[in-house]
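S.K.: Here you go, one structure.
The values are calculated or read from the model by the stated rules, or taken from the named source; none is laboratory data. Nothing here was measured: the structure is a model prediction, and the numbers come from that model. Cβ: placed from backbone, ideal geometry, glycine included. Neighbour counts: every protein chain shown. Just the protein is used for accessible areas: all its heavy atoms, side chains included, with ligands, DNA and RNA removed. Shrake-Rupley method; radii C 1.70, N 1.55, O 1.52, S 1.80 Å.
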Amino acid sequence: MNDAKIINDPVFGFIKIPRGLLYDIVRHPLMQRLNRINQLGLASVVYPGARHTRFQHSLGAFHLMSEAILSLQQKGQFIFDSEAEAVEAAILMHDIGHGPFSHVLENTLISGISHEDISLMMMEQINRDMGGRLNLAISIFKDEYPKRFLHQLISSQLDMDRLDYLRRDSFFTGVTEGNIGSARIIKMLNVVDDRLVVEQKGIYSLENYLTTRRLMYWQVYLHKTAVGYEKVLVNMLTRAKELVHNGMEVFASPALSYFLKNDVDRKWFAEHEEALEMYEELDDSDLWSAMKAWKHSPDRILSILATDMLDRKIFKVEVHDDPVSQETIEQLQKKIAESVGIDIKDAHYLMSLNRIQKDMYSIDDDSIDILYKDGTIKDISEASEILNVALLSKKIRKYYLCYQRF
C-alpha cells in the first residue's frame, strides 16, 4: 500500500492514486487550486449540499478512468502502462483551467477563449515543471495520439468526465433521479476499429444515462433560480469592470483587479505572459471577498448587485418558450429604473435576457455506438427501443428573462 495514496471519496469509496507522476499531479499547486473552486458554481442557492469542488470531481473522473482502462485490458484491448498512466493524467487535469464559479468568467472577465484552452496552457506549464513527463498525456488530450479511443474516454458523449459529474452532482444535490449506473456502463465498454463502443447488454444503462443527463440539466444546471443568481454575478462583474474603465477605484485582489482593468481575450493571453499567472491566482474567494467590499460601494448599481449576491436576493426569472418582445424589455427597464432610483440607461445591469438550449444527444458529435453479439454496430438512436432520433437530438430552447425584484 506504500506505493499509493488512498483517498476516501463519498461517491466511489476508496480511490487509489499511485505514487509517481499521478500523485505529483495531484500535489501540484494548480491542481490544489481546484479545491477553491466549486464544481456547480452557484447551484448551492437551490441545493445547499452542492458544495463539492472541481478537485473532488477530477479525482472521481480519474477513478472511473482507471476502472475503464482495467475493464478494457481485461477484454483483451492492448493498452501500454505508459498509455494508461497518460490517459489517467489527462483526465486528472481536464478541468484544471476552470475559473471561479465554473463558467461565469467566460465571456465576462475574459472572452474568446474557453476553459479547455486554458486547461491546455496549464497542462503545458505543469509539463515544463515536470521535465516533459506529460507529453503523452497532452497528445491524448489534444486528440493527436493514434489510439483515438483513449481521447474518447476523456472527451465524447460518453466520457469519464460526464459519468463522474452526473453521479457526483446527483449525490451532493440530493437529486436521486440523477443517479446513473456508471459501473455497469464502464463494464460494458469495448473498442472496435479504434472507436469506443458499448456492448448490447449495456443499452438500458445508456438509455438511463441519456434521460438522466437531460433531467440534471433542466433540474440542476439550468434551474431557473440558479440561472437568476448567476446573472446577478455576471452583471455585477460587468458593472465593476465598467467602473474601473471609467477611472473609479474598485476594491479587488491583485488577480481580480488585473481582469477588471484589462480586456483579456485569446490574443491577450498569447501576448502577455502574466495573464495566465494572474488567472491561476483566481478562485471563488477572490469574488466573495470583493463582494463584501462592493456591498458598500458608492456606486448604487454595484452596491445593489453585491448585496443581492451576499443576501441571496436573486433576480426574478421568467421562463418563456418564445423570444421576449423589445417592448416588454423596455417597459421592464423603465419599472426597474423608477423603483430602484437609477437612470434608465443603467437599468440593463439589473436584468438579463438569455436564450438557453440543450439537446440530450448530438448525432453530429462522437456517436454512442452499440456493439451487437454478431459484430454489427448501431448508433444508440437506432438501437434504442424507447429513444428515437427526433427525441434524442431535439434541441430544447428556452428564454430566461431575469430581473431585479421591485
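S.K.: Under 25 °C and 0.890 mPa s, how fast does the range 1-126 diffuse according to Stokes-Einstein, given a Kirkwood radius computed over C-alpha pairs? Answer in µm²/s, whole number. Show your work: numbers first, answer last.
M.R.: On the way: Rh = 15.7 Å.
Calculated translational D: 156 µm²/s.
S.K.: Work out the P(r) tail for the range 155-230: percent of alpha carbon pairs separated by more than 13 Å, whole number. Before the final figure, lay out each step's value.
M.R.: Details: 1936 of 2850 pairs.
When every Cα pair of the range 155-230 is considered, 68 percent fall beyond 13 Å.
S.K.: In whole angstrom, and with the biggest value first, how far do the Cα coordinates of the range 52-139 range along each principal axis?
M.R.: 47, 30, 19
S.K.: Could I ask something else about it? If you average over every viewing direction, what projected area does the convex hull of the Cα atoms of the range 125-252 give, in nm²? Don't jump to the answer; show the numbers that get you there.
M.R.: Working: hull surface 49.7 nm².
It is 12.4 nm².
S.K.: Under the 0.36 nm per residue contour assumption, what length would be gained going from the current alpha-carbon distance of K292 and K142 to full extension? Walk me through the numbers on the way to the answer.
M.R.: Values: separation 150, 0.36 × 150 = 54.00 nm, distance 4.01 nm.
The span from K292 to K142 would gain 50.0 nm if fully extended.
S.K.: If I compute semi-axes √(5λ) of the Cα gyration tensor in Å from the structure I just sent, which labelled value in (i) 32, 27, 18; (ii) 39, 27, 18; (iii) 36, 24, 21 lines up?
M.R.: (ii)
S.K.: Enumerate by residue number the GluC sites (Glu not before Pro) in the range 190-267 meeting two conditions: DSSP loop (anything except H, G, I, E, B), and at most 12 other Cβ atoms within 10 Å of the site's Cβ.
M.R.: Working: sites: E199, E207, E230, E242, E249; in loops: E249.
Here the GluC sites (Glu not before Pro) that fit, given the DSSP loop and packing criteria, are E249.
S.K.: Using a simple spin-label model with points 7 Å from Cα along the Cα→Cβ vector, what separation in nm is obtained for Q77 and K313?
M.R.: About 5.4 nm, to one decimal.
S.K.: Between S362 and W218, what length in nm is gained on full extension when 0.36 nm per residue of separation is reduced by their alpha carbon distance? Intermediate values should be presented prior to the final figure.
M.R.: Values: separation 144, 0.36 × 144 = 51.84 nm, distance 1.69 nm.
The span from S362 to W218 would gain 50.1 nm if fully extended.
S.K.: Counting residues in the range 269-314 as N, plug N into 2.2 N^0.38 Å and put the Cα Rg over that result. Before the final figure, lay out the partial values.
M.R.: Working: Rg = 14.1 Å, N = 46, 2.2 N^0.38 = 9.4 Å.
The value comes to 1.49.
S.K.: Then there is this: Compute the distance in nm between two label points, each set 7 Å from the Cα along the Cα-to-Cβ direction, one at Q32 and one at I396.
M.R.: The answer from the label model is 4.2 nm.
S.K.: Let me have the 222 nm mean residue ellipticity of the chain computed from DSSP H runs of 4+ only, each contributing -39500 (n - 2.57), with the sum over all residues rounded to the nearest 500.
M.R.: The per-residue figure over the chain is -14500 deg cm²/dmol.
S.K.: Also, quick follow-up: Please report the spacing between the Cα centers of the range 272-302 and the range 307-346 in Å, no decimals.
M.R.: Each part's Cα centre sits 24 Å from the other's.
S.K.: Per residue, what accessible area does the chain have, given a 1.4 Å probe and all protein chains present, in Å²? Display every interim value, and only then the final one.
M.R.: Values: 18190 Å² over 406 residues.
Solvent-accessible surface per residue comes out at 45 Å².
S.K.: Follow-up. Which percent of the Cα-Cα distances in the range 303-391 go past 16 Å? Mind showing how you got there, number by number?
M.R.: Details: 2759 of 3916 pairs.
Counting every Cα pair in the range 303-391, those more than 16 Å apart make up 70 percent.
S.K.: Any idea what log10 I(q)/I(0) is at q = 0.17, 0.20, 0.25, 0.26 Å⁻¹ for the range 1-74, Debye with uniform C-alpha scatterers and no solvent?
M.R.: Values, matching the q order: -0.73, -0.94, -1.22, -1.26.
S.K.: Given the pairs K267/K395; K231/K358; K358/K378; K241/K292; K316/K345; K16/K75, which span a C-alpha to C-alpha distance of over 27 angstrom in this model?
M.R.: Values: K267/K395 33 Å; K231/K358 18 Å; K358/K378 24 Å; K241/K292 17 Å; K316/K345 20 Å; K16/K75 22 Å.
In this structure, K267/K395 lie more than 27 Å apart at Cα.
S.K.: As an exercise, use a Förster radius of 22 Å and the Cβ-Cβ distance of N107 and R355 to find the FRET efficiency, rounded to the nearest 0.05.
M.R.: Numbers: r = 14 Å, r/R0 = 0.63.
About 0.95, to the nearest 0.05.
S.K.: Of Q357, V340, H320, which is farthest on the positive side of the dipole of the range 317-358, counting Cα position, with +1 on Lys and Arg Cβ, -1 on Asp and Glu Cβ, and the Cα centre as origin?
M.R.: Going by the Cα projections, it comes out as Q357.
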